[in-house]
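Let me begin by presenting the structure, written as structure tokens, before commenting on it.
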Amino acid sequence: MVAPDRVWGRRRFLATSSAVAAGVWLTGCSTGKRPDAAPGSTGSLMLPTDPAIAAREAQRQVAGRGSPTVDLVAGPVTVDLGGIVVVTSGFGDTVPGPLIRVRARDELTVRFTNRLPDPTAIHWHGLAIRNDMDGVPGLTQDPIEAGGEFTYRFVVPDPGTFWFHPHMGMDLDRGMYAPIIVDDPDEPGDYDAEDILILDDWLDGIDGGTPETALADLRAAGGMDHGGMMGDGGGRGMMGMAAFGDVDYPLHLINGRAPSDPVTFTAPPGGRLRLRMINAGSDTVYRVAIGGHAMTVTHLDGFAIRPVEGDTVLLSMGERVDVLVTVTEGVWPIVASAEGKPRAGLAWLRSTGSTIAAPEPVSPLPEHSGRMLDVGDAVATEVVAYPQGAPDRQIDVWLGQDMSAYRWTINGATFGDHDPLRIESGERVRLVFRNDTMMVHPMHLHGHTFALATTGGARKDTLLVPVMGSASVDVIADNPGQWMLHCHNTYHLEASTLR
Ligand code: C2O
Ligand code: CU
């Protein structure tokens, strides 16, 4: 066990060196691909106004489903992080922002107002919706200017645990995230209580830090080897941390709360709690465990798998994991240990009616080194599994690093210099991610849910590609438009679009 002040305490923030991810974009061409087009050419790429996008949306409409409307505001928000009061950017007046809850096949309308001093937009992470509502400024829509409004309206295709965030600058490493839960009207859940647990790595406003200064520090450190400068936790050459992230965050939050002021989840003793976990962090992979409890993993990125029991789960940035927990009477720590980094996030699980005092929390818990699901072993349930079949072709996606700068590449290029991956509508392609770097990259695809190219074929939209390793997924291109394929590390993503 590590000393408590090292686990929970607030430390001066210091960024470590290096990194950037490139975005490639994946393009659906409904009217024929042009494999001979010049690299980077946009001549044949589908615009968000293409009639194929509205036609695809019409196929998603189901008679008799609801049409909920939600008002959503982005603006400055003041948060109290265990006594440290900071002003950040958020949705509504809380961090995380307000929950949006709908049913699958509802047509959701979100009337959005931007009260931030800068442009933004909203991306609906994991929802395979119409392309012109995907919320990527410069690709699927114009940025929504300060003081501006935008109405998002789309059919929500699949049930599950999702979330939304901007796709703009370093916004995501502020408080700009919130859950969107899509219920399955045909399947009432088999549990007694339900909660949402959102993880986030926090530096904004702490000791004068901002995501921009952290990024600037990383860029200044340039192509230095990973693990060059890491706070007081390790000093030079701590490669272990560098593999999982560049930034040594002073705080890890659960539902917007610092470890010194944790949130408490309650559920009846002996009852089943469904916990929907979301990693909204920018540069941190979390390993979550509950003291004295096992967890049954039921969903990955919102999609059902055959349930697997374990002691701990791993969530990289953008990923979601739903678990069922049979609650033991008493009060138990929920510890989100930051993989490869010091410190952790904390919450409590308390059985209804229990009044016993919470013990001193420790991290890691014994459960952190227990059984953990390998997503490659997960088996998609019949309802969500891809049809059997071989891919039509294979596309290699090389994840690289420019050693001379804080810059990450896909197939050797940063975003803007890249050659889009062109995929015919209806094609089934196998994306083979090959990570040539000493850093993990959670690769996320917009507009689709891929199936792991494993025996079980779990459906996911974000997949952690290990250091110097590879991972393969199949994608059936059934949603026309231009779609981002990118690393969900906010620093990698942002640095890859700067010159
Ligand atoms: Cu969570 Cu491109 O997004
Ligand atoms: Cu990355």
What are the residues in the range 181-203 that are among the aliphatic types (A, V, I, L, M) and within 20 Å of the chain's Cα centre (by Cα), if any? Ile181, Val182, Ile196, Leu197, Ile198, Leu199, Leu203
What pairs come up if the first residue lies in the range 321-335 and is more than 30 Å from Asp461 (Cβ to Cβ), the second is basic (Lys, Arg) and assigned to a strand (DSSP E or B), and their beta carbons are under 8 Å apart, counting only those six or more places apart or on different chains? Gly330/Arg350; Val331/Arg350; Trp332/Arg350
Residues in the range 474-499 that are within 16 Å of ligand 1 (Cβ to nearest atom) and in a strand (DSSP E or B): how many? 8
Selection from the range 387-409 of residues within 17 Å of Gly469 (Cβ to Cβ), modelled with pLDDT of 95 or more and hydrophobic (A, V, I, L, M, F, W, C) yields Val397, Trp398, Leu399
Where residues in the range 457-466 are more than 15 Å from ligand 1 (Cβ to nearest atom) and touching a Leu at 6+ places or on another chain (Cβ under 9 Å), which of them is nearest to Thr213 (Cα to Cα)? Val465
Looking at the range 454-470, which of its residues are touching a residue at least 60 places away in the same chain (Cβ under 8 Å) and either assigned to a strand (DSSP E or B) or within 21 Å of the chain's Cα centre (by Cα) (or both)? Gly457, Ala458, Arg459, Lys460, Asp461, Thr462, Leu463, Leu464, Val465, Val467
When Gly135 is evaluated against the numbered criteria (1) surrounded by 23 or more Cβ atoms within 10 Å (Cβ to Cβ); (2) touching a residue at least 60 places away in the same chain (Cβ under 8 Å); (3) not in a strand (DSSP E or B), which criterion, by number, is the only one it fails? (2)
What residue, among those in the range 76-95 that are touching a residue at least 40 places away in the same chain (Cβ under 8 Å) and among the polar types (S, T, N, Q), is nearest to Asp204 (Cα to Cα)? Thr88
Among the residues of the range 148-162, is any farther than 20 Å from Asp461 by Cα, over 19 Å from the mean Cα position of the chain (by Cα) and of a type in the set (A, V, I, L, M, F, W, C)? yes
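Being assigned to a loop (DSSP other than H, G, I, E, B), of a type outside the set (Asp, Glu), within 27 Å of Ile254 (Cβ to Cβ) and in contact with a Pro (Cβ under 9 Å, 6 or more places away or on another chain): is that true of Gly97 here?
Against the criterion (assigned to a loop (DSSP other than H, G, I, E, B), of a type outside the set (Asp, Glu), within 27 Å of Ile254 (Cβ to Cβ) and in contact with a Pro (Cβ under 9 Å, 6 or more places away or on another chain)), Gly97 qualifies.
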State whether one or more residues within the range 410-421 are modelled with pLDDT under 95, in a strand (DSSP E or B) and closer than 30 Å to Ala55 by Cα. yes
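Results for (1) closer than 17 Å to Gly302 by Cβ; (2) within 15 Å of ligand 1 (Cβ to nearest atom), shown as yes or no for each residue.
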| residue | (1), (2) |
| --- | --- |
| Phe415 | no, yes |
| Arg428 | no, no |
| Asn435 | no, no |
| Met439 | no, no |
| Pro442 | yes, yes |
| Gly447 | yes, yes |
| Thr455 | no, no |
| Ala471 | no, no |
When you check Thr140 against the structure, is it over 16 Å from the mean Cα position of the chain (by Cα), within 16 Å of ligand 1 (Cβ to nearest atom) and of a type in the set (Val, Ile, Thr), yes or no? yes
Would you mind stating whether Asp207 is at pLDDT below 95, surrounded by fewer than 20 Cβ atoms within 10 Å (Cβ to Cβ) and assigned to a loop (DSSP other than H, G, I, E, B)? no
Can you tell me which residue among Gly469, Gly447, Gly426 is more than 23 Å from Leu215 (Cα to Cα), within 16 Å of ligand 2 (Cβ to nearest atom) and out of contact with any Ser or Thr (no Cβ under 7 Å at 6 or more places or on another chain)? Gly469
The lone condition Trp163 fails out of (1) in contact with a Ser or Thr (Cβ under 8 Å, 6 or more places away or on another chain); (2) at pLDDT 95 or above; (3) within 16 Å of ligand 1 (Cβ to nearest atom) is (1)
Residue list for the range 58-74, restricted to those being modelled with pLDDT of 95 or more and either under 25 Å from the mean Cα position of the chain (by Cα) or of a type in the set (D, E, K, R) (or both): Arg60, Pro68, Thr69, Val70, Asp71, Leu72, Val73, Ala74
Filtering the range 261-296 down to residues that are surrounded by 21 or more Cβ atoms within 10 Å (Cβ to Cβ), among the aliphatic types (A, V, I, L, M) and either without any contact (Cβ under 8 Å) to a residue 60 or more places away in the chain or more than 24 Å from Asp246 (Cβ to Cβ) (or both) yields Ala267, Leu273, Leu275, Ala289, Ile290, Met295
Can you tell me which residue among Ala63, Ala128 is within 16 Å of ligand 1 (Cβ to nearest atom), assigned to a loop (DSSP other than H, G, I, E, B) and of a type outside the set (D, E, K, R)? Ala128
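The values are calculated or read from the model by the stated rules, or taken from the named source; none is laboratory data. From a predicted model like this one, the values you see are computed outputs, not experimental measurements. Please note: Cβ atoms are built from the backbone with ideal geometry, for glycine as well, and neighbour counts cover all protein chains shown.
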